[in-house]
Each structure stands twice: as C-alpha cells, then as structure tokens.
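Here the structure is laid out as structure tokens; the discussion comes afterwards.
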Amino acid sequence: MDFRTDMAVERRDLYRKANHLENEIDGVECEEEEIEDIKITRVKISNAQGEEALQKPIGNYITIDVKKINNIATEKEDKIVETISKELAAIVDKHIKKEEEIMIVGLGNLYSTPDSLGSRVVNEVEITRHIKIYLPQYIDENTRSISAISPGVLGTTGIESAEIIRGIVDKVKPKMILAIDSLCSKNVSRINKSIQISDTGIVPGGGVGNARDELSEKTLGIPVIALGVPTVVEMASITNDCLDLFIEDLQKKAESNDVLNKLKDEDNYQRIKEALIPNDYNFIVTPKEIDELIDSMKDIISRGINEAL
C-alpha cells in the first residue's frame, strides 16, 4: 500500500479503510485523549503484523492535533507547549536517564520554507553542553547536557545527513538523538496543525518519496526520538479529499447512489495519482501563509523541547 504520509495515525486510518476493518489492526493499539480542544492520539505498533500493515517500525507514535496554530491566544499556545513538553518528556524518560546527554538534530533545508522547521527550531533551543564543559560553575550540576546540529540536505552539502550525524555521534557520544523535521500528510486539515512524536527514528524525505538514509537506533547505536510537523501534502491527496467532499455534497442533495457510495468507500489516492503523474500535475503543496505558520510552529516546538529537557 502506497501511504505517502509520515503520520502513523493516518496510516492506521488508511489501512483500516482499505481493508474495511471495524476492529483494530492486529499488532496495533490506539488510544485517544482530549484536553480542551487539543486531541492526543497514541498509536503503538507492538509486533511484526502491525509493522507490516503500517510500514512503520515497532514503537510508539504520538500525534497532537490542534485546531489552529496561527494567531492563537497566549493561553492556548501555552497549553499546546505544555502538552508537547509532557508527551516528549514521557517518551524520552522511557529510554534514557534524566541527566544523560541529548543531541538535537534539525533536519531539512533552511532555504526551503516548508522544509525549514528543523533548522529553525535548532536556533531556538537552549544549548548547555559547552557551558557544562567550560563554565560548569555557572550552571546547575543536574542540568542535562544539550547539544545541537543542523546538517543541511544532500543537495547543498553533497553529504547524506546520516553520514554527518553518525560522525558527530561517534565523537560527541550523546545518549539520545532528538530529530526535528517537516513531514508530509495525507490530510490537508493536518498541515501545521499536528505534531507527531515517535521513538522509532526517522527516514528524512520518506513521506514525499525522496527517502534518505535512516536515522534510528539500528543505524546510530542510540535511541532516536523524532518530532515532526506536517507542512506539505500531495496534489493527489488534495484531489482525493476534494472528491470525498464532492461525493458527500451530492449525497446530501439526492438519495443514495450505489456508484457514489462505492467511490466514497474506496481510497482513490492511487487512481488519482496515476491520472496526475503523466501530466506532471502531482505537485507537493503547501499553504500560501507557510512563512508565518512555520514561524509560529518553530516557537511552539522549541518551547516544548526546552520545557521537556
């Protein structure tokens, strides 16, 4: 199944819809929680069947959905930051001790706005490693050592991000990587309104069909937590969503139609994509106000990281 989304919760929904499942997928557990108008969905892949179904490694995937990011009230922003901090701290504490060092990696291309989230977040996080090494008298001895790197992308450096990170890990020897990246979604409504945290690592570019070398405990030898925000969606996904809305509108205006019902029950992504690709119409799309959205999300994510660590 061609998911073309980085979001585990979307893969779960797509798989269940495609296979007409009412119950949960074998090897997948899911729980939901709502705090005011923030929705938290925790998907856990527990065995090989779940891993094969969702094409994601065994582990935990937490999605935090908010209705609006841009121009929100301070209290609402504080609540989102608190939620991110709490979920991130919980997943970090499962893998390392509170005093152990973390290296934050800002993935993506600083010069491409939808792909710049990771690099921008790195500039806002509180770095402590150098202070603990060179000026220990000015910092609490219980403060966690935090370092950070933004390795750029293969097209501007000529080096795979994983190669750069592997070399730094060998030298600096952190106990964990926290990788920040922009993601691809299947759902327009999730763009810049969802945050995914997982403990299974990340494959940069995987959601847009441009997969680079994997960053994970398997490849780096230490746990890799990934925190990402969907900033782009494929034209085929938008068309599929629009088609669903179109069918729903027709169904409201007329009696049920067997053909429309059948079309609505199917995931038409692949058929739409096949129609778009020969005409070079399968664009990767991002909102026109992406600069402002990335700026808002950068502040929220960096605050959440600082509070968690």
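The values are calculated or read from the model by the stated rules, or taken from the named source; none is laboratory data. Please read all numbers here as calculations on a predicted model, not as lab measurements. FYI the Cβ positions are ideal-geometry reconstructions off the backbone, even for glycines, and counts take in every protein chain you see. Heads up: the accessible areas ignore ligands, DNA and RNA and are worked out on the full protein's heavy atoms, side chains in. Shrake-Rupley method; radii C 1.70, N 1.55, O 1.52, S 1.80 Å.
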| Do we find that D213 is open to solvent by 20 Å² or more (accessible area, probe 1.4 Å), part of a loop (DSSP other than H, G, I, E, B) and at negative phi in this structure? | yes
| Of these, L220, L243, L227, L250, which one is of a type outside the set (D, E, K, R), modelled with pLDDT of 90 or more, touching a helix residue (DSSP H, G or I) at 6+ places or on another chain (Cβ under 9 Å) and more than 18 Å from Y61 (Cα to Cα)? | L220
| note | For segment 23-35, pairs from a residue that is free of Cβ contacts under 8 Å to residues at least 60 places away in the same chain to a residue that is assigned to a strand (DSSP E or B) and open to solvent by less than 70 Å² (accessible area, probe 1.4 Å), with Cβ under 6 Å and 6 or more apart or across chains, are V28/I45; C30/V43; E31/R42; E32/T41; E33/I40
| Hey, any hits in segment 161-168 for a residue that's touching a strand residue (DSSP E or B) at 6+ places or on another chain (Cβ under 9 Å), open to solvent by less than 70 Å² (accessible area, probe 1.4 Å), within 24 Å of T41 (Cα to Cα) and of a type in the set (A, V, I, L, M)? | no
| query | For K298, all conditions in the list (1) under 19 Å from the mean Cα position of the chain (by Cα); (2) modelled with pLDDT of 85 or more; (3) farther than 25 Å from R12 by Cβ; (4) assigned to a loop (DSSP other than H, G, I, E, B) hold save one; what is the number of the exception? | reply | (4)
| Given (1) among the polar types (S, T, N, Q); (2) modelled with pLDDT of 85 or more; (3) surrounded by 15 or more Cβ atoms within 10 Å (Cβ to Cβ), number of the condition N306 does not satisfy | (3)
| message | Of everything in segment 91-102, what is in a helix (DSSP H, G or I) and either open to solvent by less than 30 Å² (accessible area, probe 1.4 Å) or on the phi > 0 side of the Ramachandran plot (or both)? Give them in sequence order. | response | I91, V92
| request: Filter segment 169-206 down to the residues that are over 17 Å from the mean Cα position of the chain (by Cα) and open to solvent by 30 Å² or more (accessible area, probe 1.4 Å), then identify the one that is nearest to H95 (Cα to Cα). | output: K175
| Taking segment 218-242 on its own, how many of its residues are open to solvent by less than 20 Å² (accessible area, probe 1.4 Å) and farther than 30 Å from V169 by Cβ? | 5
| request: Among residues belonging to segment 124-160 that are touching a residue at least 24 places away in the same chain (Cβ under 8 Å) and either of a type in the set (S, T, N, Q) or in contact with a His (Cβ under 8 Å, 6 or more places away or on another chain) (or both), point out the one that is most open to solvent (accessible area, probe 1.4 Å). | output: N142
| For N123, all conditions in the list (1) in contact with a Leu (Cβ under 9 Å, 6 or more places away or on another chain); (2) modelled with pLDDT of 90 or more hold save one; what is the number of the exception? | (1)
